[in-house]
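*Asks:* Below is a structure I'd like to ask you about.
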Amino acid sequence: MLSKQKVECVRTSFAERVRGGFVAPLKTQGSRSYRFAEIPEKQLEWLVEKGEVIRLKKDEKIFDVNDPIDRLFIVFKGRIEVKVQRGKNYQVINQIGLHDISGFLPYSRAKTAIAAGVVVEEMELLSLSKDCCKEMTLKHYELTEVFVHEMTSRTREFAKSNVQAEKMMALGKLSAGLAHELNNPASAILRSAKELKKHLGNVPEKFKAVMSMKVNTDQVKVVSDIIFKKIAEDYDFSLSERSDKEDALEEWLEDRDLEDCIDIVDALVDYDFSVDDLEKIFKSTGEKNFSPTLNWVGNVLTTEKMVDEIEEASTRISELVQSVKVYTHMDNAPEKQKANVRKGISSTITMLNHKIKKKKIDIESNFAEDLKEANIMVSEINQVWTNLLDNAIDALPDQGQITINGYNNQNCVTIEIIDNGVGIPKENLNRIFDPFFTTKGIGEGTGMGLEVVYRIIHQHNGDIHVTSKPGETKFKIDLPID
């Protein structure tokens with residue numbers, strides 16, 4: 001780990017090290033070095049004899065990302081900051097200070113550093129080569145025990161920190177997506193509300209024109225039937241169809257010198273008014289009353305359209321809020337209960353919809369009609385769907401496809417999440433659930449997402465398997481029903 005660094009390495013005899021105070025602190029009670037208080041003197045002497053004293057200046061790196069982890073060290077002076085790159089910035093995830101143990105530890109599977117260690121206070125440490133650790137584990141049990149205990153504590157704390165970081169990253173993604181999804185309907189409501197207010201300001205003049213008309217009940221019924229029949233139906237036109245309808249209505253109005261009605265053509269087309277409909281209104285009201293009648297019709301249709309837009313946007317916001325409630329399961333205590341996993345997957349897709357739309361990804365869902373409820377902690381299982389779907393989206397090119405299957409399988413509910421991306425390399429398949437392992441670029445992932453998935457699934461007494469080949473990566477999750 002230190003071989004690439006220009007550091008001052010001072011080799012001294014055992015006697016000189018004792019005089020320099022390196023053994024004494026290891027035996028001192030009342031500090032973090034109490035861990036060595038019960039270690040036999042000979043084992044400490046072995047540690048100091050086999051080790052080397054290393055001195056580092058401020059801003060030097062004691063290790064860097066991807067450096068081999070091949071030395072154990074104990075800090076006797078100074079402080080190190082452990083930093084990882086998040087996007088374009090560096091984040092301090094840990095500090096190594098006085099009497100702390102770091103670097104290689106016995107039985108650790110870590111091979112290379114996932115962060116950089118930068119000296120922030122001039123430091124002095126005792127370093128032990130990885131090559132000496134086999135002798136230590138065979139001959140010095142108590143000393144080995146201290147380092148193994150340190151390894152388990154370090155792993156636990158580091159995992160806890162990175163799980164939190166993973167959750168914050170997931171929350172950030174969902175928050176960004178939710179803000180994006182809410183912005184569109186909120187903007188639509190604001191825009192429609194302003195237009196409606198402006199539109200209603202022109203109503204009095206049109207109202208006067210209508211009130212001055214002399215029409216009978218039959219004439220009113222003809223116009224009323226046409227309007228409310230149109231409002232009750234749904235319409236969907238292509239751009240070319242809409243253009244043809246607009247041209248036909250404008251031409252008909254221009255032929256009758258009714259240019260003052262041209263402004264309402266858009267509203268008429270929205271509700272599929274045809275030339276035949278205008279002919280019926282014209283025959284019913286007569287030439288004198290036709291223009292104020294048609295303008296009043298346009299006013300009703302425009303108001304109806306704006307109210308529909310506000311209702312649609314408001315409904316969308318309500319659905320998003322409901323999806324958030326389903327996703328977080330905020331109405332219930334965090335305990336296992338029978339729940340419909342289909343709802344959780346659906347709400348997760350809603351949360352990730354901004355990424356799905358951005359890459360134009362097609363999602364196909366196939367759930368058995370009689371899909372049973374699984375016995376789960378809903379909010380935690382929703383984290384599983386988030387990580388798996390988010391990874392699948394990231395792995396896909398634009399216009400990729402994700403297929404989600406759900407079916408009953410003996411005493412389990414089985415969910416399959418399949419993407420048609422490039423696949424996971426064979427050499428990585430056995431490592432993808434390992435803590436901190438990631439195939440993403442620096443700052444794009446913590447390597448904890450799939451580890452969290454694995455842990456949650458097994459906490460539920462479930463199972464997860466992955467198979468992959470180019471064009472098909474499948475995650476299969478079994479969740480117990482009871």
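The values are calculated or read from the model by the stated rules, or taken from the named source; none is laboratory data. Values in this document were obtained by computation on a predicted structure and should not be read as measured data. No Cβ is skipped: glycine too gets one built from the backbone with ideal geometry, and neighbour counts run over all protein chains shown.
*Asks:* Is there a residue in the range 276-286 that is free of Cβ contacts under 8 Å to residues at least 24 places away in the same chain and aliphatic (A, V, I, L, M)?
*Replies:* There is no residue in the range 276-286 that is free of Cβ contacts under 8 Å to residues at least 24 places away in the same chain and aliphatic (A, V, I, L, M).
*Asks:* Okay, next question. Report whether or not SER187 is small (Gly, Ala, Ser), modelled with pLDDT under 75 and farther than 21 Å from THR348 by Cα. First the steps, then the outcome.
*Replies:* On the way: small (Gly, Ala, Ser): yes; modelled with pLDDT under 75: yes; farther than 21 Å from THR348 by Cα: yes.
Yes: the conditions hold for SER187.
*Asks:* On to the next question. Kindly provide the set of residues from the range 98-107 that are under 13 Å from LYS130 (Cβ atoms), in contact with a helix residue (DSSP H, G or I) (Cβ under 7 Å, 6 or more places away or on another chain) and surrounded by 19 or more Cβ atoms within 10 Å (Cβ to Cβ), ordered by number.
*Replies:* PHE104, LEU105
*Asks:* Any idea which of VAL75, VAL119 is closer than 23 Å to LYS50 by Cα, over 33 Å from the mean Cα position of the chain (by Cα) and crowded, with 19+ Cβ neighbours inside 10 Å?
*Replies:* Details: VAL119 fails: closer than 23 Å to LYS50 by Cα.
Result: VAL75 is the single residue among VAL75, VAL119 that is closer than 23 Å to LYS50 by Cα, over 33 Å from the mean Cα position of the chain (by Cα) and crowded, with 19+ Cβ neighbours inside 10 Å.
*Asks:* When the residues of the range 294-326 are filtered to those that are in contact with a helix residue (DSSP H, G or I) (Cβ under 7 Å, 6 or more places away or on another chain), at pLDDT 80 or above and β-branched (Val, Ile, Thr), which remaining residue is farthest from GLU279 (Cα to Cα)?
*Replies:* Looking at residues that are in contact with a helix residue (DSSP H, G or I) (Cβ under 7 Å, 6 or more places away or on another chain), at pLDDT 80 or above and β-branched (Val, Ile, Thr), I get ILE310.
*Asks:* Suppose we keep only residues that are surrounded by 13 or more Cβ atoms within 10 Å (Cβ to Cβ) and at pLDDT below 75 within the range 220-252. Which one would you say is nearest to the chain's Cα centre (by Cα)?
*Replies:* Once the filter is applied, the top-ranked residue is PHE237.
*Asks:* Here's something else I'd like to know. May I ask you to list the residues in the range 108-134 that are touching a helix residue (DSSP H, G or I) at 6+ places or on another chain (Cβ under 9 Å) and without any contact (Cβ under 8 Å) to a residue 40 or more places away in the chain?
*Replies:* Matches in the range 108-134: none.
*Asks:* Within the range 383-405, identify whether any single residue is in contact with a Lys or Arg (Cβ under 7 Å, 6 or more places away or on another chain) and over 19 Å from LYS474 (Cβ atoms), and answer yes or no.
*Replies:* yes
*Asks:* Please work out if ILE402 is aliphatic (A, V, I, L, M), crowded, with 18+ Cβ neighbours inside 10 Å and out of contact with any Asp or Glu (no Cβ under 7 Å at 6 or more places or on another chain). Break it down into steps so the answer makes sense when it comes.
*Replies:* Values: aliphatic (A, V, I, L, M): yes; crowded, with 18+ Cβ neighbours inside 10 Å: yes; out of contact with any Asp or Glu (no Cβ under 7 Å at 6 or more places or on another chain): no.
Taking the combined requirement at face value, the residue does not satisfy it.
*Asks:* Of the conditions (1) of a type outside the set (Phe, Trp, Tyr); (2) in a loop (DSSP other than H, G, I, E, B); (3) modelled with pLDDT under 85, GLU49 fails just one. Which one is it?
*Replies:* All conditions are met except number (2).
*Asks:* Report whether or not LYS111 is among the basic types (Lys, Arg), closer than 13 Å to ILE69 by Cα and at pLDDT below 85.
*Replies:* In short, yes.
*Asks:* If we keep just the residues of the range 448-482 that are in contact with a Gly (Cβ under 8 Å, 6 or more places away or on another chain) and under 16 Å from ASN382 (Cα atoms), which is surrounded by the most Cβ atoms within 10 Å (Cβ to Cβ)? Write out each step before concluding.
*Replies:* Taking the range 448-482 first, the residues in contact with a Gly (Cβ under 8 Å, 6 or more places away or on another chain) are 468-473, 477-480.
With the extra rule that they be under 16 Å from ASN382 (Cα atoms), the set shrinks to 477-480.
Numbers: ILE477: 26, ASP478: 19, LEU479: 24, PRO480: 16.
Taking the candidates together, the pick is ILE477.
*Asks:* Suppose we filter the range 368-415 for residues that are more than 17 Å from HIS460 (Cβ to Cβ) and among the charged types (D, E, K, R); how many remain?
*Replies:* 5
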